[in-house]
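Beneath this line is the structure, given in structure tokens, with notes to follow.
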Amino acid sequence: QQSAVPPTSSAPSADGVWTHLRPVAALWSADVPVPEGALACVVVQGGAVQWVGPQAQVPAAFAGLPRFDGKGAITTPGLVDCHTHLVYGGQRANEFAMRLAGATYEEVAKAGGGIVSSVRATREAGEDELFALAAPRLQALLAEGVCAIEIKSGYGLALEHERKQLRVARRLGEAFGVTVRTTFLGAHALPPEYAGKPGGSQDYTDLVCNEMLPALAAEGLVNAVDVFCERIAFTLAETEQVFQAARKLGIPVKLHAEQLSDMGGSALAARYGALSCDHIEHLSADGIAAMKAAGTVAVLLPGAYYTLRDTHLPPIAALRAAGVPMAVSTDHNPGTSPALSLLLMANMACTLFRLTVPEALAGITTHAARALGLQSTHGLIASGRSANFVLWPVGEAAELAYWLGQKPTCTIVRQGRIHGV
Ligand code: NIG
Ligand code: FE
């Protein structure tokens with residue numbers, strides 16, 4: 001059963017000339033410069049952007065296309081949620097209550113909760129059930145303009161269950177007509193059958209590297225490989241072992257790095273040319289320099305920071321000074337960030353982390369695309385890209401990061417089709 005999802009292939013085509021759009025600086029790259037304050041046009045043909053520029057100069061070749069009047073709407077590229085754990089069974093409201101009673105994330109994990117409690121629920125669920133659970137989560141993100149999303153495994157921690165998560169992620173992308181990038185996060189936590197055993201962590205890391213990753217990669221299910229490098233998860237040496245296995249298969253890496261402590265994971269990841277290092281509250285100056293040199297994106301996850309009532313801020317000023325691109329994501333997961341609004345994350349990145357509004361907007365578009373290796377297709381309104389953009393019912397771009405829980409009714413062009421009103 002495919003669950004009750006409307007086929008997105010029936011959404012109307014966006015092919016045509018989109019007129020009267022208000023560009024957002026830095027998120028548009030026009031073929032012919034658009035004068036400051038002027039309205040602009042985007043031409044879509046065959047599901048891709050063919051031309052971007054001022055209204056008055058649309059090339060004659062496109063004159064016969066249908067026209068869509070943007071009525072002056074502020075228009076951004078489709079949003080990109082570059083770090084999620086969207087596919088899982090169960091939920092963890094009980095841990096929310098435990099933390100309210102004073103327990104820390106690490107204490108909850110050590111008490112048998114945390115990631116492994118989601119592992120139990122995910123292993124019990126079948127593929128169709130996981131799909132049905134994840135679909136409404138995805139729909140909430142899509143309704144707010146998300147056009148590309150990363151979905152990690154990491155709640156299966158055994159080949160068949162990791163496969164199940166990644167297959168569901170891919171099915172979601174097909175059913176909803178959204179770009180899904182799948183990340184294998186087999187090294188997320190020690191599965192219960194290895195926990196407490198001497199050498200268990202090394203044995204499981206070997207399994208991840210020698211069996212799980214090669215099998216899933218051979219099935220074409222892995223776009224990137226991630227590890228949770230932390231005191232309560234995997235060591236630096238185990239992380240490097242996983243990175244080596246990924247390198248052997250030619251798959252790019254990313255890392256859950258320096259969330260609770262400075263493990264030096266970011267510098268290691270940068271040495272492996274990582275797409276991104278994520279969380280990074282405890283990132284050091286060395287880590288920043290290594291990321292800058294490697295072109296690695298810093299992914300900020302204010303939802304997890306907020307939920308865990310963290311007080312150790314990521315080094316934003318130093319990242320900014322070094323010129324490391326900063327992305328912002330939901331980190332949607334049932335434990336530390338049950339968040340389903342990327343705009344709310346943009347708000348929290350500004351309010352909690354002191355990003356500027358333009359930084360936050362680039363963080364949920366251009367830089368997020370780069371964190372997924374999608375910089376040539378997503379995250380910017382420009383010719384040659386797939387047609388992914390959003391017309392917002394707001395008076396100025398800053399409103400996208402300003403409202404708390406506004407849920408704006410926007411017109412969304414995703415994969416060349418029109419969604420929303
Ligand atoms: O990104 N930090 C590790 N992984 C997730 C949390 C997963 C969980 O608690 O279920 C994160 O925050
Ligand atoms: Fe995460």
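The values are calculated or read from the model by the stated rules, or taken from the named source; none is laboratory data. Because the structure is a prediction, the values reported are computed rather than measured. Positions of Cβ are backbone-derived with ideal geometry, glycine not excepted, and every protein chain shown enters the neighbour counts. Ligands, DNA and RNA are stripped out before the accessible areas are found, and what is left, the full protein with its side chains, is counted by its heavy atoms. Shrake-Rupley method; radii C 1.70, N 1.55, O 1.52, S 1.80 Å.
Laid out as a table, the results:
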quantity	calculated
Choice from HIS279, HIS378, HIS312 showing the highest fluctuation, given a GNM over the chain with Cα pairs closer than 10 Å	HIS312
Folded to 0 to 90 degrees: helix 285-294 orientation relative to the chain principal axis, Cα	50
Mean Cβ count within 10 Å, highest first, over the residues of peptides 166-174, 404-412	166-174, 404-412
Sulfur and carbon atoms: percent of accessible area, the chain [1.4 Å]	56
Extension gain (nm, one decimal) between THR356 and ALA321, 0.36 nm per residue minus Cα-Cα	11.2 nm
Bridge type composition, the chain - antiparallel percent by DSSP, nearest 5	40
Mean Cβ neighbour count within 10 Å, used as a protection proxy, ranking 254-263, 45-54 highest first	254-263, 45-54
Contour excess over end-to-end distance, with Cα ends at TYR402 and ARG309 and 0.36 nm allotted per residue	31.3 nm
Cut-off 10 Å between beta-carbons: net charge of the residues surrounding LEU344, Lys and Arg +1, Asp and Glu -1	0
GNM flexibility winner over the chain from VAL87, VAL222, VAL24 (Cα, springs under 10 Å)	VAL24
Paramagnetic label zone (point 7 Å from Cα along Cα-to-C-beta, THR409; backbone N under 19 Å) in the stretch 63-106	69-75
Sequence-separation-based contact order of the stretch 274-421, relative, with Cα cut under 8 Å and 6+ spacing, percent	19
Length added when fully stretched, GLU174-GLN139, from 0.36 nm per residue minus Cα-Cα	11.3 nm
Burial order of peptide ranges 144-154, 341-351, 88-98 (average beta-carbon count within 10 Å, highest first)	144-154, 341-351, 88-98
Aspartates and glutamates with Cα under 15 Å of LYS292, excluding same-chain neighbours fewer than 8 positions away	ASP278
Helix 236-249 axis, angle to the chain major axis (alpha carbon atoms, nearest 10°)	50
Pairwise Cα inverse-distance average, inverted: Kirkwood Rh of the chain (Å)	21.7
Highest-MSF residue in the chain out of ALA121, ALA382, ALA224 [GNM, Cα springs under 10 Å]	ALA121
Accessible surface, the stretch 283-421, averaged per residue in Å² (probe 1.4 Å)	37
222 nm mean residue ellipticity, helices alone, for the chain (DSSP H n ≥ 4; -39,500 (n - 2.57); rounded to 500)	-10000 deg cm²/dmol
